[in-house]
Every structure is written in C-alpha cells, then in structure tokens.
Amino acid sequence: SQQGEEDPQALSIQEGENATMNCSYKTSINNLQWYRQNSGRGLVHLILIRSNEREKHSGRLRVTLDTSKKSSSLLITASRAADTASYFCAVLHNNNDMRFGAGTRLTVKP
Amino acid sequence: DAGVIQSPRHEVTEMGQEVTLRCKPISGHNSLFWYRQTMMRGLELLIYFNNNVPIDDSGMPEDRFSAKMPNASFSTLKIQPSEPRDSAVYFCASSLGSGSGNQPQHFGDGTRLSIL
C-alpha cells in the first residue's frame with residue numbers, strides 16, 4: 001500500500017549537529033507531510049510540501065522533495081536535545097487518507 | 001485554542017470488557033480520524049469521518065470495533081469485547097477540509113489502552 005518509509009530507523013547525534021531523515025514512497029502524490037512525535041504525546045505537524053515544490057523551510061527545518069526519485073528528506077540544523085523525538089512522513093493513500101511510515105527515532109545528546 | 005481532546009488518557013481493563021474511547025475534535029474541523037499505534041505495526045488508520053459521516057472504515061480490524069460521530073464535536077471508538085491484542089495507543093486527529101490530505105492533521109495525546 002502507499003505509505004512513506006523513513007530511513008534510518010534510528011539516528012543518534014550530538015547537540016549542534018545536523019540531522020537528516022529520508023522518506024521514500026511508491027506512487028505519485030499530491031503532497032507529503034512531516035510530523036514529530038515526542039514520547040507519550042500525539043503527532044505534531046511540521047511541514048507540508050506540495051508535489052510542485054522542491055524545497056521548503058520552517059525555522060531550523062528544511063524539507064526537500066524529489067518526485068522523480070519518489071523521495072523526501074527532512075533536515076534539522078543545529079539540533080538541540082529538545083529535538084529528540086520520532087519523525088514521520090505521511091503521504092496520501094487513495095486520495096482519501098494519509099498513511100504514515102514507521103518513523104525515524106532521533107536522539108540528540110546534550 | 002484547545003487542541004484535540006481525548007479521554008481517558010489511560011485505560012486498563014480485563015479482556016471481554018467493553019471499552020469506549022472518546023474524542024473532541026478542534027472546533028471548526030470537519031474531518032476526524034482514529035488511529036492505532038503499536039510497536040509492531042506502527043501508526044494505523046482505523047476510520048475517518050468527514051462532516052460526521054464515516055468515509056473509510058477499511059482499517060477497522062474486525063467487527064468488535066465500532067466508531068460513531070453523532071455530532072461535529074464528539075466521536076467515540078468502541079471495542080466490544082476487548083482482547084489483549086487490542087492493547088495499543090489510540091489517537092484521534094482532526095483537520096479542516098475533506099480529509100484529502102491537503103491539510104495538516106492535529107492529534108490528541110492518545111489513550112493508552114491495556115487489556116489484561
């Protein structure tokens with residue numbers, strides 16, 4: 001089924017370093033969304049990038065989309081301990097609902 | 001503004017009992033989603049409503065699960081009878097629009113359900 005698949009499954013970095021997470025999908029999309037989930041909490045929307053966009057920024061976040069490769073990346077620059085969370089990409093499924101990948105677990109060490 | 005409100009936050013009950021999870025979406029949102037999250041299966045969409053009407057319930061695991069949305073400000077997910085394999089965190093989310101994925105979804109903090 002159509003859903004995003006994140007890579008890597010887990011990522012551990014030092015505070016101040018950049019973190020890059022990738023998402024791949026199988027079929028054409030209208031848009032792709034990235035979410036963050038802190039432990040014990042619900043998902044929080046970060047960025048939506050449309051299929052005709054190639055790059056989008058929000059603060060320390062940068063999302064790219066390559067529709068020819070059916071992939072997206074989320075870059076967090078100058079990471080902080082508070083960025084420790086799981087990050088999910090989500091793509092449309094059957095034009096009716098979004099499907100989430102398994103997520104990347106990011107740990108930022110102080 | 002209040003976000004999506006779910007209750008209870010935690011539920012522990014014995015197998016065979018009926019479980020009812022509740023959700024209040026963000027005021028003005030017309031799409032509502034129920035998800036289940038487990039370590040093994042990740043985040044699974046169970047059902048979603050648009051304007052209080054169920055649009056896609058193909059993710060509902062079996063007849064023991066049912067969901068209702070009697071009005072725009074309230075939805076329930078019911079499991080009867082419950083089984084240990086239903087143990088998971090259940091999330092409710094809401095969004096503007098028709099649920100086509102062109103709008104971000106806003107999640108509640110979930111109900112952690114444990115069936116003994």
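The values are calculated or read from the model by the stated rules, or taken from the named source; none is laboratory data. These numbers come from a predicted model, not from an experiment. Note that we place each Cβ from the backbone using ideal geometry, even for glycine, and neighbour counts take in every protein chain shown.
Annotations for the structure displayed:
- Residue selection: A:Gly103 satisfies the criterion of being surrounded by 14 or more Cβ atoms within 10 Å (Cβ to Cβ) and on the phi > 0 side of the Ramachandran plot.
- Subset of the stretch A:16-71 that is assigned to a loop (DSSP other than H, G, I, E, B), buried (at least 16 other Cβ atoms within 10 Å of the Cβ) and within 14 Å of chain B (Cβ to nearest Cβ) - its residue that is modelled with the lowest pLDDT: A:Ile29
Listed here are the residues, each with its yes/no results for (1) more than 16 Å from the chain's Cα centre (by Cα); (2) small (Gly, Ala, Ser).
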site: A:Ala19; (1), (2): no, yes
site: A:Asn22; (1), (2): no, no
site: A:Tyr25; (1), (2): no, no
site: A:Trp34; (1), (2): no, no
site: A:Arg41; (1), (2): yes, no
site: A:His45; (1), (2): no, no
site: A:Arg54; (1), (2): no, no
site: A:Val91; (1), (2): no, no
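- The lone criterion from (1) part of a strand (DSSP E or B); (2) more than 14 Å from chain B (Cβ to nearest Cβ) left unmet by A:Ala78 is number (1).
- Residue tally, condition over 14 Å from the mean Cα position of the chain (by Cα) and either farther than 17 Å from B:Ser75 by Cα or assigned to a strand (DSSP E or B) (or both), over the stretch B:12-24: 6
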